[in-house]
1. With the crude spin-label approximation of a point 7 Å out along Cα→Cβ, what separation in nm comes out for residue 73 versus residue 255?
2. Could you check the simple spin-label distance between residue 175 and residue 108, using points 7 Å along Cα→Cβ, in nm with one decimal?
3. Between residue 221 and residue 158, how high is the FRET efficiency from 1/(1 + (r/R0)^6) when r is the Cβ-Cβ distance and R₀ = 45 Å? Nearest 0.05.
4. Would you please put 173-183, 108-118, 211-221, 238-248 in order of how densely packed they are, using the mean number of other Cβ atoms within 10 angstrom per residue and starting with the highest?
5. How long is the gain from residue 54 to residue 143 if the chain were fully straight, where each residue apart is worth 0.36 nm and the alpha carbon distance is subtracted?
6. Classify the stretch 83-163 as rounded, prolate or oblate from the Cα gyration tensor: take a ≥ b ≥ c as the square roots of its eigenvalues, call it rounded if a/c is under 1.5, otherwise prolate when a/b beats b/c and oblate if not.
7. Let me check against my output: what whole-number percent is the relative contact order of the stretch 44-256, with C-alpha pairs under 8 Å and at least 6 apart?
8. How large is log10 of I(q)/I(0) for the stretch 44-256 at q = 0.08, 0.09, 0.16 Å⁻¹ when the intensity is taken from the Debye formula with one equal scatterer per alpha-carbon?
């Protein structure tokens, strides 16, 4: 069944959404199975049956880079999970996604035995969104770029590569960080989304210091859970992971052509 016109946008714990005017790469009209003004030559009904978790190897590379402890908040929920085309919240996309626990701290510190018991949580999502043709895919990409901007993603720039067009978005609100990239190859749109809260380890130390339970000379960042900064995540997504996502899609196209 085709879901060409029944598309709902949705991304995370806040009602932030994503998908429009990217940078066409020099490779836009190559013959690696599509691109430019040509679709990938596979019927939409077939594309809509593809499993994005299979295409993206259960997000193994993403999990490794972010050093994700497990999928699920608290207990391991066995993710990542597949929302196939036709499922909520994005009816047009096959989503490989899940809430994640990046890590935790459970210990006592200082002469008062102050307790640190915190988890760092977030969400990841990588999608595969096929459309009837290039025109339709481009239209929805443009719409998604506009929607993302309207929801506060004012830090953005075009990303170039072997795909046809794409754009990176970043948002930091009072407690969370959001990285989103939308890109298009031929009549297929793809999204990479990484979300995480501010590191709760240093914040807990600072709170305890404010109550006099931990010495002021203790460096809060010695208790950081994350091994990355927002700049690290941005650089890796844009300069490494996008190419891997696109290559995985190209490999699937070649297998099925």
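1. Placing both labels 7 Å along Cα→Cβ, they lie 3.4 nm apart.
2. It works out to 2.8 nm between the two label points.
3. Working: r = 33 Å, r/R0 = 0.74.
Efficiency, rounded to the nearest 0.05: 0.85.
4. Working: 173-183: 19.9, 108-118: 13.9, 211-221: 12.2, 238-248: 17.0.
Ranked by mean Cβ neighbours within 10 Å, highest first: 173-183, 238-248, 108-118, 211-221.
5. On the way: separation 89, 0.36 × 89 = 32.04 nm, distance 2.73 nm.
Extra length from residue 54 to residue 143 when fully extended: 29.3 nm.
6. On the way: a/c = 3.54, a/b = 2.34, b/c = 1.51.
The shape class here is prolate.
7. Values: 392 pairs, mean separation 38.3, N = 213.
Rounded, it is 18 percent for the stretch 44-256.
8. After summing over all Cα pairs, the log10 values are -0.33, -0.41, -1.05.
Since every read-out is calculated from the coordinates, none of them should be taken as a lab result. As the structure is a prediction and not an experimental result, all values here were calculated from the model. All Cβ positions, even for glycine, are placed from backbone atoms using ideal geometry, and neighbour counts span all protein chains on display.
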